[in-house]
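> Here it is, the structure, as structure tokens.
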């Protein structure tokens, strides 16, 4: 590849990534649109669903119980945790997706461009393997492993987030009571997914990602989930899916009505693979049963809201 051609490709990739890495809404839609064009890249659908959940977690922070039980500073710190992780994963993963797309269009293998974009050596090897084997599940698992390692140092282990978020009492309680879950919504009103526990541990997050992928592509879940995401525009509000449920909660706001655009500063990218490598247990796909969790998830939300209302009465 001549230098001018390489510069053109890099300019296109960097600018298109920057265009869609504005906020949670634009990232979620970009992943979804990519999957619709390239369904062989299964991770893009997983990423769009997980990103939807990040948006719902963000707008939860503006609901009455969270505003009452958490200070404005705590809610801002939690929002920035979701936002920073969402932004970092997209900034690393979306250029990979664009390079794959450009490779198809140009009939060239452009994966050497990953070096210029500071993508891990691990993913460069995996994309080259995929170009030969077309093993969709292997690539999906590799991208799950990569994304969780990408955020480990700059978000999960970063002193600011560790002290102010992951060691804080609200997070510890939420973690121990498993109040949070990644939901796989459907147009039938069923919610599949998994509860989150031990989020700060990279092994747990990788296992969760693989469990979600297994459920998401299960023949019982996939058709109704796809019907949901194609019919329902992502707004960041839980009303996106709660309209299909028999629940009586305050309607959470749309994300763009409450949060400004965040201007992120990029850090020097350190290749996690060179310093830590890959554990063998990460590489296998979780054979997890599908789990309908709407009842258990909303029982826990009921308790949270009940606690808020009782506390409000006595105050």
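> With respect to residue 236, determine if the residue is part of a loop (DSSP other than H, G, I, E, B), more than 30 Å from residue 268 (Cβ to Cβ) and touching a helix residue (DSSP H, G or I) at 6+ places or on another chain (Cβ under 6 Å).
Yes, satisfied.
> Also, I was wondering about something else. Residues being at pLDDT below 95 and over 21 Å from the mean Cα position of the chain (by Cα): count how many of those fall in the stretch 117-159.
Total meeting the criteria: 1.
> Go through (1) surrounded by fewer than 22 Cβ atoms within 10 Å (Cβ to Cβ); (2) assigned to a helix (DSSP H, G or I); (3) over 12 Å from the mean Cα position of the chain (by Cα) one by one and return the number of the condition residue 22 breaks.
(2)
> Scan the stretch 239-280 for residues that are modelled with pLDDT of 90 or more, over 20 Å from residue 77 (Cβ atoms) and outside any loop (DSSP other than H, G, I, E, B) and jot them down.
239, 240, 241, 242, 256, 257, 272, 273, 274, 280, listed by residue number.
> Please determine whether any residue of the stretch 43-58 is out of contact with any helix residue (DSSP H, G or I) (no Cβ under 9 Å at 6 or more places or on another chain) and either under 30 Å from residue 134 (Cβ atoms) or free of Cβ contacts under 8 Å to residues at least 60 places away in the same chain (or both).
yes
> Among the listed residues 59, 76, which satisfies the condition of being more than 14 Å from the chain's Cα centre (by Cα), within 20 Å of residue 183 (Cα to Cα) and part of a helix (DSSP H, G or I)?
59
> Let me ask you something else. May I ask you to list the residues in the stretch 97-115 that are touching a helix residue (DSSP H, G or I) at 6+ places or on another chain (Cβ under 6 Å) and touching a residue at least 40 places away in the same chain (Cβ under 8 Å)?
97, 98, 99, 110, 113
> Of everything in the stretch 66-81, what is surrounded by fewer than 21 Cβ atoms within 10 Å (Cβ to Cβ) and in contact (Cβ under 8 Å) with a residue 40 or more places away in the chain? Give them in sequence order.
68, 69, 70, 74, 77, 79, 80 - these are the residues of the stretch 66-81 that are surrounded by fewer than 21 Cβ atoms within 10 Å (Cβ to Cβ) and in contact (Cβ under 8 Å) with a residue 40 or more places away in the chain.
> Sort through 208, 191, 212 and tell me the only one that's at pLDDT 85 or above, surrounded by 22 or more Cβ atoms within 10 Å (Cβ to Cβ), in contact with a helix residue (DSSP H, G or I) (Cβ under 7 Å, 6 or more places away or on another chain) and closer than 14 Å to residue 46 by Cα.
Of 208, 191, 212, the one residue that is at pLDDT 85 or above, surrounded by 22 or more Cβ atoms within 10 Å (Cβ to Cβ), in contact with a helix residue (DSSP H, G or I) (Cβ under 7 Å, 6 or more places away or on another chain) and closer than 14 Å to residue 46 by Cα is 212.
> Continuing with this model, one more query. Using beta carbons and a limit of 6 Å, which pairs, at least six apart or on different chains, have the first residue in the stretch 290-315 and more than 12 Å from residue 181 (Cβ to Cβ) and the second one in a helix (DSSP H, G or I) and at pLDDT 85 or above?
290/215
> Then there is this: Just to check your reading of the model, which residue among 228, 199 is in a loop (DSSP other than H, G, I, E, B) and at negative phi?
199
> Sticking with this one: Out of (1) surrounded by fewer than 19 Cβ atoms within 10 Å (Cβ to Cβ); (2) modelled with pLDDT of 95 or more, the odd one out for residue 166 is which?
Status for residue 166: all satisfied but (2).
The values are calculated or read from the model by the stated rules, or taken from the named source; none is laboratory data. None of the values given here were measured: they were computed from a predicted structure. Methodologically, a virtual Cβ is constructed for each residue, glycine included, from the backbone with ideal geometry; neighbour enumeration extends over all protein chains shown.
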